[in-house]
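> One structure, as structure tokens, below. Some questions next.
The values are calculated or read from the model by the stated rules, or taken from the named source; none is laboratory data. Everything numeric in this text was worked out from a predicted model, so none of it was measured. Counting neighbours? That spans all protein chains shown, and the Cβs are built from the backbone with ideal geometry, glycine included. In case anyone asks, the SASA skips ligands and DNA or RNA and just uses the protein heavy atoms, side chains included. Shrake-Rupley method; radii C 1.70, N 1.55, O 1.52, S 1.80 Å.
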Amino acid sequence: MKRAAMMLAVSLAISMVVVACASMQLGGRDLVAKAVSAQGGPEALATVKTLSYKATIRQWEPEQSAKAGGEMRLAGDATAVAVTDVATGTTRTDWVKNSQYPAPRTFTFTEIVAPEAGYVAGIDGNSRNKPSRDANPPAHSMSSLRLAAAQRELLAASPLLTLEMSKSPDRVAPASSVTVGGVRHPTVDYRAGGHTLTVLFDPATGLPARVRALDYDNIWGDVTWDLVLGDWQTVGTTRVATSRKYELNGRTVMEVKLSDITLNTPIAADRLAIPAPFLATARKPAAAGVPYQWVIRRQLVGFYLDSEHPSYDTQASPGLRLQELAPGIQHVVGGSHNSLIVEMKDHVIVFDAPVSDWQSTWTISAARGKYVRKPVKYLVLTHHHMDHAGGLRAYADAGATIVTGQGTAAHFRRVLAAPFTRNPLLSASDLGRTPIVEVMGKHVLSDGQRQVELHVLDPNPHAEGLLIGYVPDARLGFVTDIWSPGAAPLPDKLNPALASLVAGVKKAGIAPARFAGGHGGVGDYAPLAALEGK
Ligand SMILES: [Zn+2]
């Protein structure tokens, strides 16, 4: 080809690409404009200065199920009254949350989310940070992680999202259409702060149908987190979705029904004000590194520790540390969730992989420092719940065999086969061939010197196939969630969980002097056993 002809061909190709991009770009903006108009038009949406509504909410947690991979646990029902002041970007939500798990308990609290600070008045869950415990009445400012997650979720659900997108066209990018339930949705990406929301439009009405975030989940790896909008109703001059469903990888984990929606009802300024002492200590929203699924779903199930670090309360603990319980046995403590490291002849065994791969990496490195040239050969997972198993990939990546309770191996095989390209710590690799040992009743890990016994606690009220560990030479047991030694004084009589442990110890024929906990610390077993029959 002659040079001139080639140049022409190249410039034609370039201009075709430019035209294609421009039309896609335009397509993205067109979709947003169409959505704004379907909601009443830019002028109508611009008249919205305040917004308020009531919501009835039902929440489930799939990774807190009784059976691994089984039916989701009903976390509870809630009602909420939310008011938003558009000019200041501040939302107040008054919650009454009737939690069903682990036992019925009502939480009545208020959240105020502003652009630069977040605040909680009242007790909002079972895992309270130090400022909340110290304040009277209970209150605390939100961590940067919680604030960032709350802001993202409020933006995704805002009836004014499309208007905001139309005002920031440079942050709107075209995206490939997405097919859900046989419907092909034209789609755009919207970059807001440190995250991106993918908005799927209803091809028939032009309204937003789903707002999707591509998150990392500590159990299922790469997940879609979809807010499904429905039941659009006319409120004043605009249209608002009165049904919000949240889907984790296509499973509905939260249903929200809106009622009593009003626009432009004045809000007294003090209702949106964060009290000065809390404003002074409030953190700005985290710009990056937010473990959204952890932050959102631990709140959903009522066990979120509102802290700058997901593993420990930064205002109460300097961090994780090892506590020697017996020769060659270290308890990983200092956080909300513990592990146990047991030294063997040429390797170590670790019990539980709580919270995240960050915590696992800390534990693996602490074990290496203590027991040089002894790799982690076995990771024993007491049960499948996301808060005790969510750091399993770091162990699999380090070459450990996963040891799990009866009826859970197939679940963990699926978990390890799931892609995890969005894992903040581990580069993607194939963990699908990680060896898994399923304990049927009883299993002994032995190196010819030390024995470590694993017993399935059957029955128990917490999780099917739950394992307890026992090191006979130290007369030390390890138990998670059934008993948290030292976390609270023993009750006057056995509750179902404690009764299952006492029965399980008897059935296993073991003689523990102490138990170390997946929560709490270490406790003598005799006082617990003595409660039998009381
Ligand atoms: Zn559990």
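> What percentages, rounded to whole numbers, describe P(r) for the range 331-426 computed over all alpha carbon pairs with 10 Å bin width beginning at zero?
Result returned by the calculation: 17, 53, 28, 3.
> Using the Karplus curve 6.51 cos²θ - 1.76 cosθ + 1.60 with θ = phi - 60°, work out ³J(HN,Hα) for each residue of the range 488-503 in order, rounded to whole Hz, and write x for Gly and Pro.
8, x, 5, x, 6, 9, 5, 8, x, 5, 5, 4, 5, 5, 4, 5
> Another one. Using a Förster distance of 35 angstrom, determine the FRET efficiency expected from the C-beta separation of ALA268 and GLN100, and round it to 0.05.
With R0 = 35 Å, the Cβ-Cβ based efficiency is 0.55.
> I'd like the distance between the alpha-carbon centres of the range 195-268 and the range 286-357, rounded to an integer number of Å.
33
> Then there is this: Give the value in nm², to one decimal: projected area of the alpha carbon convex hull of the range 255-363, averaged over all directions.
11.1
> Okay, next question. Name the residues whose placed amide hydrogens come within less than 5 Å of the amide hydrogen of ARG210, ignoring near sequence neighbours (fewer than 5 apart) on the same chain.
Excluding prolines and chain starts, which carry no amide H, the hits are LEU200, LEU229.
> For a Förster distance of 35 Å, can you work out the FRET efficiency between the beta-carbons of THR108 and SER427, rounded to the nearest 0.05?
Result of the calculation: an efficiency of 0.20.
> Stokes-Einstein at 25 °C, 0.890 mPa s, Kirkwood radius from Cα pairs: D for the range 254-310 in µm² s⁻¹?
163
> Can you pull the three principal axis extents for the Cα set of the range 453-498, in Å, largest first?
If we take the Cα atoms of the range 453-498, the spans are 30, 25, 15 Å.
> How large is Rg/Rh for the chain, to two decimals, with Cα atoms and a Kirkwood Rh?
1.03
> Once both labels are modelled 7 Å past Cα along the beta-carbon direction, what's the ASN249-GLU532 spacing in nm?
4.0
> Normalised by the number of residues in the range 318-386, what is the relative contact order in percent for Cα pairs under 8 Å and 6+ residues apart?
25
> Sticking with the crude label model, points 7 Å out along Cα→Cβ, report the distance from ALA66 to LYS345 in nm, one decimal please.
So the two model labels end up 4.3 nm from each other.
> Tell me which residues come under 5 Å, amide H to amide H, from GLN451 once H is placed; ignore anything under 5 positions away on its chain.
ASP473
> Leaving ligands, DNA and RNA out of it, rank ARG92, ARG297, ARG171, ARG29 by accessible area with a 1.4 Å probe, largest first.
Sorted descending by solvent-accessible area, the residues read ARG29, ARG171, ARG92, ARG297.
> What number, in percent, do you get for the relative contact order of the range 375-534 if the mean sequence gap of Cα pairs under 8 Å and at least 6 apart is divided by its residue count?
For the range 375-534, the relative contact order is 18 percent.
> Something else now. Once amide H atoms are placed 1.01 Å from N in the peptide plane, what residues at a sequence separation of 5 or more from HIS185, or on another chain, have their amide H within under 5 Å of its amide H?
VAL178, THR179, VAL180
> Here is a follow-up. Work out from phi, with θ = phi - 60° and the Karplus expression 6.51 cos²θ - 1.76 cosθ + 1.60, the ³J(HN,Hα) of each residue of the range 132-137, listed in order in whole Hz, and give x for Gly and Pro.
5, 5, 7, 7, 9, x
> Kindly state, to the nearest 0.05, the FRET efficiency for THR50 paired with GLU116, given R0 = 25 Å and r defined as their beta-carbon distance.
That gives a FRET efficiency of 0.80.
> Would you mind calculating the gained length between ALA87 and ASP447 on full extension (0.36 nm times residue separation, minus the Cα-Cα distance), in nm to one decimal?
Stretched fully, the ALA87-ASP447 segment lengthens by 122.9 nm.
> Same structure, new question: Calculate for the chain the 222 nm mean residue ellipticity that helices alone would give, adding -39,500 (n - 2.57) per DSSP H run of length 4 or more and normalising by residue count, nearest 500 deg cm²/dmol.
Rounded to the nearest 500, the figure is -7500 deg cm²/dmol.
> Still on this structure, please answer the following. Note down the accessible area of ASP270, probe 1.4 Å, to the nearest 10 Å².
Approximately 110 Å² for this residue.
> Which value in Å is the Kirkwood Rh of the range 398-534 over different Cα pairs?
Computed over Cα pairs of the range 398-534, the Kirkwood hydrodynamic radius comes out at 16.4 Å.
> Of the cross-linked pairs LYS67/LYS345; LYS130/LYS284; LYS49/LYS167, which ones have a Cα-Cα span greater than 25 Å in the structure shown?
Flagged as over cut-off: LYS67/LYS345.
> With θ set to phi - 60°, apply the Karplus curve 6.51 cos²θ - 1.76 cosθ + 1.60 along the range 150-160 and write out the HN-Hα couplings as whole Hz, x wherever there is a Gly or Pro.
Working through the residues one at a time gives 4, 5, 4, 5, 5, 5, 4, 8, 5, x, 9 Hz.
> Hey, which lysines would be in cross-link range of LYS493, C-alpha to C-alpha under 19 Å, not counting anything within fewer than 8 residues on its own chain?
Counting by Cα, and skipping residues close in sequence, LYS493 has these lysines nearby: LYS506, LYS534.
> Obtain the nm distance between the two label points defined at THR205 and GLU324 by a simple spin-label model: each point lies 7 Å from its Cα along the Cα-to-C-beta direction.
Distance between label points: 6.6 nm.
> Pairing the Cα long axis of helix 3-38 with the longest principal axis of the chain, what angle in degrees results, from 0 to 90 and rounded to the nearest 10?
Approximately 80 degrees, to the nearest ten.
> While we're on this one: Could you sort VAL256, VAL86 by accessible area so the largest value comes first, with the probe set to 1.4 Å?
My answer, sorted largest first, is VAL86, VAL256.
> Can you give the accessible area of THR314, probe radius 1.4 Å, in Å² rounded to 10?
My reading of the accessible area for THR314 is about 60 Å².
> Using 0.36 nm times the number of residues separating VAL183 and ASN495, minus their current alpha carbon distance, what extension gain do you get?
Residue separation times 0.36 nm, minus the Cα-Cα distance, leaves 107.3 nm.
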